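Read through the structure below, which is laid out as structure tokens, and then see the notes.
The values are calculated or read from the model by the stated rules, or taken from the named source; none is laboratory data. Just so we're clear, the structure is a prediction, and the values are computed from it rather than from any experiment. Ideal geometry is used to build each Cβ from the backbone, glycine not excepted, and the neighbour counts take in all protein chains shown. The area values use the complete protein model at the heavy-atom level, side chains included, leaving out ligands, DNA and RNA. Shrake-Rupley method; radii C 1.70, N 1.55, O 1.52, S 1.80 Å.
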Amino acid sequence: MPYHNRVADLADASWRVRGLAAERIEGRITSAATLAVAISGIARHVAVGDRITLQHRDGIALPAEIVALHDGTAHALAFGSLAGIRAGSTVCAPLLSRPAALPVSAAWIGRVVDPLGRPLDGIGPLAAGECQRPVIAAPPDAASRARLGERISFGVRALDLFTPCREGQRLGLFAGAGVGKSTLLGMLARGTQCDVAVVALIGERGREVRECLEDDLGAAGQARSVAVVATSDASPLLRREAAHAAMTIAEHFRDEGRSVLLLMDSLTRYCLALREIGLAAGEPPATRGYPPSVFTMLPRLLERAGPGRQGSGSITALFTVLMEGDDPNEPVADAVRGFLDGHVLLDRGVAARGRYPAIDVLRSLSRSAGSCWTEQETALVGRARAALALAAELADLVRLGAYRPGADPAADAALALAPRIEAVLAQGRDACFATDASFAALRAAMEGA
């Protein structure tokens, strides 16, 4: 065969292969439930995680995702309501599927988006970046990751003094409902030293989104932030996707060499979305109804945060954990503590005493504290922690009138110091303190000034 004929044949074959990406296969919905649909005709051509399109009876295309394959039938969950989807409806799937991706760019800073990268703030379309970043990605290789950076200032005295954090560290904020997690996140978004903040609001009440953005974040916080929002009425896929989208956006800016602050509220609602998806896919319920996949997906998400590869930036991440019944040992809280680099506990009793932020410094822990403090700061914090711990032990005796002043000089000193330390830890929502000023205030309180 002449050479030019072979070249023409190869060119024709290449054109036909490229054209396959635009071709689709069709299936039919055989049954539909509240969350999931069963589809025939496409199971041999799709994989778990592929995106497909369901045809609404009004002609509307509804995006969905394959979550399970059983006995030649594909099972999918939709990114919206299944109202209007009926048996026999058409399902379209790409013959050559691609992973979900977001075209993140610097123009996203200051914007509010949904988990699929669509603007929610009414300002206009989002400028797309030059490349698409996959929403589901592997964390940086452990051997090539940079180490934690310098101590970072949150502007919140209780954190900077007792649970210090380094750039690239991951902390959990554990609290029951109504103890002040969202307010504390707003304080951190405004006061933390960083280049870009990424805020993920997962499962929030719809009426609270604007309050969070406008009051808690404020104009200054919004100007350097990207907010990803999926309210409580969103489908479980969208709520799950909000966490992955926020992490993807944070990774984009980290890879550009920036210091990124990731605030995710809440990790518990992300796990609840995973539970809904897992149960709809046919997984067996395990611990308190959570299927095993929840505790497989958690570390895959959390490990993506932190320092990047050598020469890149870092993601300092704070994840709120809503404790069911104020139980710190419920399954999600217990699992998350083992994955993160520290935990901060917001206590209802501290809030009842009127001290905000209601952080229980004695039950909070940062695994990098030892490398954050100087020798003098370590000694100062140790004395303050010992005084608070002894005062807490004596609190019941004091209330009952069973404690006699003068019997124990150490106890007398602790009872005198504790109120002064508590006064240092109290802070208004708009206040922001430098770390050096916070240590100076604690030192003055310990010396009785």
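Laid out as a table, the results:
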| quantity | calculated |
| --- | --- |
| Flag if Arg224 is basic (Lys, Arg) and either open to solvent by less than 20 Å² (accessible area, probe 1.4 Å) or without any contact (Cβ under 8 Å) to a residue 24 or more places away in the chain (or both) | no |
| In segment 284-304, the residues that are touching a residue at least 40 places away in the same chain (Cβ under 8 Å) and over 22 Å from Met264 (Cα atoms) | Thr287, Arg288 |
| Restricting segment 164-190 to residues that are at pLDDT below 90, open to solvent by 10 Å² or more (accessible area, probe 1.4 Å) and in contact with a Cys (Cβ under 9 Å, 6 or more places away or on another chain), the residue that is nearest to Gly257 (Cα to Cα) | Arg190 |
| Flag for Ala43 being under 26 Å from Ala230 (Cα atoms) and of a type in the set (Gly, Ala, Ser) | no |
| Answer residue from segment 260-280, given it is modelled with pLDDT under 95 and of a type in the set (Ser, Thr, Tyr) and is farthest from Val48 (Cα to Cα) among those | Ser266 |
| Matching residues in segment 125-138 - criterion: being open to solvent by 70 Å² or more (accessible area, probe 1.4 Å) and of a type in the set (A, V, I, L, M) | Ala128, Ile136, Ala138 |
| Conditions (1) open to solvent by less than 30 Å² (accessible area, probe 1.4 Å); (2) within 36 Å of the chain's Cα centre (by Cα); number of the one not met by Leu417 | (2) |
| Any hit, segment 399-415, residues being under 22 Å from Ser182 (Cα atoms), hydrophobic (A, V, I, L, M, F, W, C) and not in a loop (DSSP other than H, G, I, E, B) | no |
| Total residues in segment 127-153, condition assigned to a loop (DSSP other than H, G, I, E, B), in contact with a strand residue (DSSP E or B) (Cβ under 7 Å, 6 or more places away or on another chain) and either more than 21 Å from Ala106 (Cβ to Cβ) or not β-branched (Val, Ile, Thr) (or both) | 7 |
| Pick from segment 139-159, criterion under 21 Å from Val199 (Cα atoms) and out of contact with any Cys (no Cβ under 6 Å at 6 or more places or on another chain), ranking: surrounded by the most Cβ atoms within 10 Å (Cβ to Cβ) | Leu159 |
| Residue within segment 115-129 that is under 21 Å from the mean Cα position of the chain (by Cα), among the hydrophobic types (A, V, I, L, M, F, W, C) and closer than 30 Å to Thr73 by Cβ present | yes |
| Members of segment 171-217 found to be over 15 Å from Tyr270 (Cβ atoms), under 17 Å from the mean Cα position of the chain (by Cα) and among the β-branched types (Val, Ile, Thr), listed by number | Thr183, Thr192, Val196, Val209 |
| From Ser368, Ser364, residue being within 30 Å of Arg275 (Cα to Cα), among the polar types (S, T, N, Q) and surrounded by 13 or more Cβ atoms within 10 Å (Cβ to Cβ) | Ser364 |
| Given (1) within 14 Å of Asp265 (Cα to Cα); (2) open to solvent by less than 10 Å² (accessible area, probe 1.4 Å); (3) in contact with a Phe, Trp or Tyr (Cβ under 9 Å, 6 or more places away or on another chain), number of the condition Leu237 does not satisfy | (1) |
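For (1) surrounded by 12 or more Cβ atoms within 10 Å (Cβ to Cβ); (2) at pLDDT below 95; (3) touching a His at 6+ places or on another chain (Cβ under 8 Å); (4) among the polar types (S, T, N, Q), each residue gets a yes or a no:
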| position | (1), (2), (3), (4) |
| --- | --- |
| Gly401 | no, yes, no, no |
| Gly406 | no, yes, no, no |
| Ile421 | yes, no, no, no |
| Asp430 | no, yes, no, no |
| Ala434 | yes, yes, no, no |
